[in-house]
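Have a look at the structure below, then the notes.
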Amino acid sequence: MAKIAGHILIGRPVAEVFDFVADTRNEPSFNPAMAAVELLTALPIRRGTRFRARMGRAGMQMLVELTEFDRPLRLGSRTTSSMMQTSGTLTFASDGDGTLMSWDWQVHPKGWIRMLGPLFEPLGNRMERRIWTSMKRYLENTAARSITRPAPQPGQGGARRTCWAKKARTRARNPPPRAHAPLASIVPGTERAGGVAVMSDAVASVRRARNRCLPHKPGPQWPAYSR
């Protein structure tokens, strides 16, 4: 048996961190080793809730069961897979405006994993800290992105932006004519039709996008071909 323990300070409220960790379906958002998680029991999440997780490209499955649920202070779980069984608790404590989260796991390796012997515990501790550090960054960065810009006050350009928005909608409904071009230059294979066609803004936009995508000279991203 190996003991995996540690703690980390997360700059988010304790209830928010607890709720996020309790729902294992959130883990793929910060743990790249976990491909998908399925909820096997009915909501709400509580003691006895079970999840099925799929790990990596090989698709190894893990069953996760919550064995303790004392919101927002203590969360216990048992995880079983073909490689190991892990049981233990997470505790959450307020630390100023943040949360001190601690973990204490007992890991029982199975199969070839047991051959790691004394190396398993330091490797496990390193991997566990890497996962929770990734979650810390995810929660703190998500909170930073959710801060919205305040609405413009009167006299600060709001009316001007509204005016430009109205003009844009008007131009979209009634696109002005652009330069005249032969019909064949717009629709290939119509040389015999003759005449000219008026390009709309939409056609002009497509042509500009096409021209931006075409290479103008050989380069690393566009290999040159000899004929």
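Of everything in the stretch 89-121, what is without any contact (Cβ under 8 Å) to a residue 40 or more places away in the chain, under 19 Å from residue 136 (Cα atoms) and exposed (fewer than 14 other Cβ atoms within 10 Å of the Cβ)? Give them in sequence order.
Across the stretch 89-121, the qualifying residue is only 96.
Here is a yes/no grid of residues against (1) surrounded by 15 or more Cβ atoms within 10 Å (Cβ to Cβ); (2) more than 30 Å from residue 118 (Cβ to Cβ); (3) touching a strand residue (DSSP E or B) at 6+ places or on another chain (Cβ under 9 Å):
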{"residue": "6", "(1), (2), (3)": "no, no, yes"}
{"residue": "9", "(1), (2), (3)": "no, no, yes"}
{"residue": "12", "(1), (2), (3)": "yes, yes, yes"}
{"residue": "45", "(1), (2), (3)": "yes, yes, yes"}
{"residue": "55", "(1), (2), (3)": "yes, no, yes"}
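Name the residues in the stretch 12-41 that are under 20 Å from residue 78 (Cβ atoms), part of a helix (DSSP H, G or I) and polar (S, T, N, Q), would you?
24, 26
Can you name the residue in the stretch 1-56 that is among the hydroxyl-bearing types (Ser, Thr, Tyr) and within 22 Å of the chain's Cα centre (by Cα) and is also nearest to residue 81 (Cα to Cα) among such residues?
Out of the qualifying residues, it is 24.
Do we have any residue at all in the stretch 60-71 that's modelled with pLDDT under 95 and farther than 20 Å from residue 135 by Cα?
Yes, that holds for at least one residue.
The values are calculated or read from the model by the stated rules, or taken from the named source; none is laboratory data. All values derive from a computational prediction rather than experimental measurement. Neighbour counts are summed over all protein chains in view; Cβ atoms, including those assigned to glycine, are modelled from backbone coordinates with ideal geometry.
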